[in-house]
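Working notes, structure below.
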Amino acid sequence: MPRKSVHFVTDPAVWKTLIAPVRAEIIETLRMLGPCGIADVARQLDRPADSLYRHFEKIVATGVVVETGTRSTGRRVERVYDLVADDLGARFKGASNRAVNDAYLTTAKTVLKMSARTFRDAAASGELVGLGLDKPSTMRAFFEHVWLTPADFDELNAIFRRLNAFLNSKKTRTAQTRLQLVSVLTAPIVRRRGAKRQTSAHFSRPAKPTQPSKPRPAAISKPKKP
């Protein structure tokens with residue numbers, strides 16, 4: 001069955017089911033491998049196959065992953081799975097703002113958890129090499145606090161789309177490549193203490209022009225009594 005280009009998830013609860021760390025890794029592995037069995041995904045993730053069956057059941061129940069057939073592996077018959085689309089997107093409908101924001105928060109937590117584990121394992125094996133060294137760089141990390149207008153954020157989104165297209169073109173393994181994790185996050189900063197809170201409404205509305213202050217009349221000093 002050919003994949004669609006994008007499958008949009010409309011229910012925040014379903015999105016939270018899919019974005020749990022192990023399930024997110026399973027989905028990303030299926031994106032790279034194409035139709036395959038659970039054993040193939042387990043080898044790619046360096047996890048026991050038995051630990052993935054329950055996660056596959058939950059993903060299949062959402063309709064994002066489907067069983068496409070079976071294949072014989074020795075004396076065993078193995079089920080083959082694939083994604084219904086090359087990419088997943090969130091387009092929530094009829095959900096409360098709280099449920100939507102909770103789904104986005106779960107997404108960020110998953111990305112941060114996966115990134116932390118990847119950095120931890122790479123550091124433990126001595127594989128982290130930064131810029132400025134003689135060896136080829138294997139990692140990059142930075143964060144910035146910036147002031148962006150709505151037009152600036154649109155431009156940033158365009159950059160992200162180009163980056164996403166570039167990364168999606170690198171899903172096939174070759175002799176010269178090594179597997180890398182690329183994580184990108186951006187979020188509005190909300191100050192709750194000691195500074196004015198920056199809200200999305202404040203971000204979207206132009207600031208009101210300030211009215212010039214009226215000059216105060218000069219104070220008239222009364223003559224002192226003799």
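Results, tabulated for the structure shown:
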| quantity | calculated |
| --- | --- |
| Hits in segment 113-146 - residues which are within 17 Å of the chain's Cα centre (by Cα) and surrounded by 11 or more Cβ atoms within 10 Å (Cβ to Cβ) | Lys113, Met114, Ser115, Ala116, Arg117, Thr118, Phe119 |
| Residue satisfying all of: in segment 80-112; of a type outside the set (A, V, I, L, M, F, W, C) and within 11 Å of the chain's Cα centre (by Cα); surrounded by the fewest Cβ atoms within 10 Å (Cβ to Cβ) among these | Gly89 |
| Helices (runs of 4 or more DSSP H) contained entirely in segment 1-109, each with at least 3 residues that are hydrophobic (A, V, I, L, M, F, W, C) and in contact with a Leu (Cβ under 8 Å, 6 or more places away or on another chain) | 21-33, 38-45 |
| Failed condition for Ala123, given (1) farther than 24 Å from Tyr104 by Cα; (2) outside any loop (DSSP other than H, G, I, E, B); (3) at pLDDT below 90 | (3) |
| Identity of the residue in segment 54-79, more than 12 Å from Gly37 (Cβ to Cβ) and touching a Lys or Arg at 6+ places or on another chain (Cβ under 9 Å), that ends up surrounded by the most Cβ atoms within 10 Å (Cβ to Cβ) | Ile59 |
| Condition met for Thr149 (surrounded by 10 or more Cβ atoms within 10 Å (Cβ to Cβ), of a type in the set (S, T, N, Q) and either farther than 30 Å from Leu33 by Cβ or in contact with a strand residue (DSSP E or B) (Cβ under 7 Å, 6 or more places away or on another chain) (or both)) | yes |
| Qualifying residue in segment 74-93 (condition: in contact (Cβ under 8 Å) with a residue 60 or more places away in the chain and over 23 Å from Lys4 (Cβ atoms)) | no |
| Any hit, segment 14-26, residues being touching a residue at least 60 places away in the same chain (Cβ under 8 Å), charged (D, E, K, R) and surrounded by 15 or more Cβ atoms within 10 Å (Cβ to Cβ) | yes |
| Selection within segment 126-173 - under 24 Å from Ala116 (Cα atoms) and of a type in the set (Ser, Thr, Tyr) | Ser137, Thr138 |
| Set Ala124, Ala103, Ala141, Ala116: member being more than 27 Å from Asp46 (Cα to Cα), out of contact with any His (no Cβ under 9 Å at 6 or more places or on another chain) and of a type in the set (A, V, I, L, M, F, W, C) | Ala103 |
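The values are calculated or read from the model by the stated rules, or taken from the named source; none is laboratory data. Being a predicted model, the structure only gives us computed values, none of them experimental. All Cβ positions, glycine included, derive from the backbone under ideal geometry; neighbour counts span all protein chains shown.
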